[in-house]
Structure formats: C-alpha cells, structure tokens
C-alpha cells in the first residue's frame, strides 16, 4: 500500500491531475484503515488490557486539545468581577468597626513615622498567602493577587505607604448611585 501511495504522489507532483490526487487520497485512507484493522486484530485484551487502554488513551487525547494546568485569568473577567464587587451592598457593622479602630489608632499616633512599604514587602506578603482560600471583604481571591505583575505590585506598595503616611484611606473613585 505504501509503495502505491508513493508512486501516486510522484505522479501527482509531475502532472497535477486532480483525478490522481483523489486516487492518492483514497489510497492513503485505505492504508490507514488497513493499519487500524491490523493493530486492533492483533490486540488480545483477555491476557493483558494494558495495550488496549494505552491505545484508547492515545485515541482520546487526539480527539480533544490538551487542557491547561490552571485556567487563564482574562482581564475582562477581572474587571467584571471588580464591578460586581463595587456594586455589592456595604457591611455597615464591619465599616463601623474599621472606622472606630482607625480613629483610635489616629488618636494615639506613634512618635516615629513608619518607613514606606517596599515592593519586596508586598511580594513577601503575597507569597505567604495561601491559595484556594475564600476571598476577603472585597471579594478578591488570593490567586488574583498572586498573579499581579511588577507594575501592579509597585502601585500597591505606593498605595499602602500613602495610606499609612497620610493616615487616610481613599474613598471610592466613582459616584454612588442611589
């Protein structure tokens, strides 16, 4: 069979005749079918099923593309999640607790001003976070934060440093709809 397909291929290359091309394709299909029948006829599943299962795994892998180890995080998915979180109802008790503890810390300031938070400290804190945990009050999962790029980590370190030095947490950037 293989010799016939080779001869037909050479003839098709020389002439370019579509009829010879069709004959070549039919020859290749017949050769593939013969190899399949030969390999399945020689398989003895009563003695050892290992070869059979290996063949089935190979066939299944050819039918579906390989899956990624972890799902891709798309920018649009992150944005839509953050928009949903921003629209979530506020927890009044938690906000009051945070506000009270902030006021108490603000009334009793320490004599020395803290050092700015470095990007290395942010990276260290992110590395200590455990994966697969529930999101915090902002509904942001740890996996999202662990995949931040260096530019975002630098922004976070500047943001946290400003919150500490200015002793003020910025409000929401957009206007609230009532």
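Here, each number is a calculation from the coordinates, and none is a lab measurement. It should be emphasised that the depicted structure is a prediction, and the values quoted were computed from it without experimental measurement. When we count neighbours, we look across all protein chains shown, and the Cβ atoms used for this are built from the backbone with ideal geometry, even at glycine.
Using a Förster radius of 45 Å, what is the FRET efficiency between residue 9 and residue 41 based on their Cβ-Cβ separation? Nearest 0.05, please. Efficiency, from the Cβ-Cβ distance: 0.95. The length gained by stretching the chain between residue 30 and residue 128 to full extension, at 0.36 nm per residue less their Cα-Cα distance, is 29.3 nm.
What's the long-distance tail for region 91-166, i.e. % of Cα pairs beyond 22 Å? For region 91-166, the share of Cα pairs beyond 22 Å comes to 41 percent. Packing-based ranking of 140-151, 28-39, 124-135 yields 140-151, 28-39, 124-135, ordered from highest to lowest mean Cβ neighbour count within 10 Å. Ratio of Rg to Rh for region 1-41: 1.09 [Cα atoms; Kirkwood radius as inverse mean 1/r over pairs].
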